[in-house]
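Heads up: the structure comes next, in C-alpha cells.
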Amino acid sequence: MSELILLLDGNRGIYIPKTFIYRYYPTSTTGISEEDSKILLQGPDHDAYWEVWDDVLNNGRFLDSNGIEYTIYHNDDLFAVPPDYEWPEE
C-alpha cells in the first residue's frame, strides 16, 4: 500500500490553495483550468477562491515525477493520495 504525500503543511492556512497552484501548476497537475489557477493565485480575497478550490479538490490531480495521478486531499495539511491508498478505519 502506498502512503500519502505531504504537499503543503497547514501552517499556510488560507493560502494553501494559492501556494499549491503557485508551486505545482501546470507542470505537476491535471484537471485544473488556467482560469481557475488565475483565481487561486489572486488569493482568498477573490470571491470565487473557495468555490474554485473545492472544484480543484474534486477534479484536479497531482502528478508525480513518474506521471502517476494522485487525488488531492485537504484537511489542515494538503496531501496527494495515491490511487491504491487505503484509508485507515476509524
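Hey, can you tell me all the residues within region 1-41 that are over 24 Å from Asp84 (Cα atoms) and among the polar types (S, T, N, Q)?
Across region 1-41, the qualifying residues are Asn11, Thr19, Ser33, Ser37.
Can Asn66 be described as within 15 Å of Leu78 (Cα to Cα) and out of contact with any Leu (no Cβ under 9 Å at 6 or more places or on another chain)? Walk me through how you get there before you give the answer.
Details: within 15 Å of Leu78 (Cα to Cα): no; out of contact with any Leu (no Cβ under 9 Å at 6 or more places or on another chain): yes.
No; evaluated as a whole, the condition is false for this residue.
Could you check region 48-90 and list, in sequence order, the residues that are in contact with a strand residue (DSSP E or B) (Cβ under 8 Å, 6 or more places away or on another chain), under 18 Å from Glu34 (Cβ atoms) and not hydrophobic (A, V, I, L, M, F, W, C)?
Gly60, Arg61
Look through region 33-49, keep the residues that are part of a helix (DSSP H, G or I) and touching a helix residue (DSSP H, G or I) at 6+ places or on another chain (Cβ under 6 Å), and return whichever of them is surrounded by the fewest Cβ atoms within 10 Å (Cβ to Cβ). Show your work before the answer.
Start the filter on region 33-49 by keeping residues that are part of a helix (DSSP H, G or I), which leaves 34-41, 49.
With the extra rule that they be touching a helix residue (DSSP H, G or I) at 6+ places or on another chain (Cβ under 6 Å), the set shrinks to 36-37, 39-41.
On the way: Asp36: 21, Ser37: 20, Ile39: 22, Leu40: 25, Leu41: 15.
Applying the filter and picking the extreme gives Leu41.
Condition first: surrounded by 17 or more Cβ atoms within 10 Å (Cβ to Cβ), in contact with a Gly (Cβ under 9 Å, 6 or more places away or on another chain) and assigned to a loop (DSSP other than H, G, I, E, B). Now tell me which residues in region 57-90 satisfy that.
Gly60
Return a yes/no flag: does region 13-31 have any residue that is in contact with a Phe, Trp or Tyr (Cβ under 7 Å, 6 or more places away or on another chain), outside any helix (DSSP H, G or I) and of a type outside the set (Phe, Trp, Tyr).
Quick first cut of region 13-31, residues in contact with a Phe, Trp or Tyr (Cβ under 7 Å, 6 or more places away or on another chain) only: 17, 24, 28-29.
Those still in the list that are outside any helix (DSSP H, G or I) too: 28-29.
Add one more test, that the residue is of a type outside the set (Phe, Trp, Tyr), and what stays is 28-29.
Yes: region 13-31 contains one or more residues that are in contact with a Phe, Trp or Tyr (Cβ under 7 Å, 6 or more places away or on another chain), outside any helix (DSSP H, G or I) and of a type outside the set (Phe, Trp, Tyr).
Would you point out the residue of region 41-67, among those that are under 14 Å from Leu7 (Cβ atoms) and without any contact (Cβ under 8 Å) to a residue 40 or more places away in the chain, that is farthest from the chain's Cα centre (by Cα)? Let's see the steps before the verdict.
Step one: of region 41-67, the residues under 14 Å from Leu7 (Cβ atoms) are 53, 56-57, 60-65.
Next cut, without any contact (Cβ under 8 Å) to a residue 40 or more places away in the chain only: 53, 56-57, 60-61, 63, 65.
Values: Trp53: 8, Val56: 7, Leu57: 6, Gly60: 7, Arg61: 7, Leu63: 11, Ser65: 16 Å.
Restricting to residues being under 14 Å from Leu7 (Cβ atoms) and without any contact (Cβ under 8 Å) to a residue 40 or more places away in the chain, the top hit is Ser65.
Any read-out appearing in this document is the output of simple, stated calculations on the displayed coordinates, not a laboratory observation. Here the structure is a predicted model, which is why all the values come from computation and not from measurement. Cβ sites come from the backbone with ideal geometry, for glycine too, and all protein chains shown count toward neighbours.
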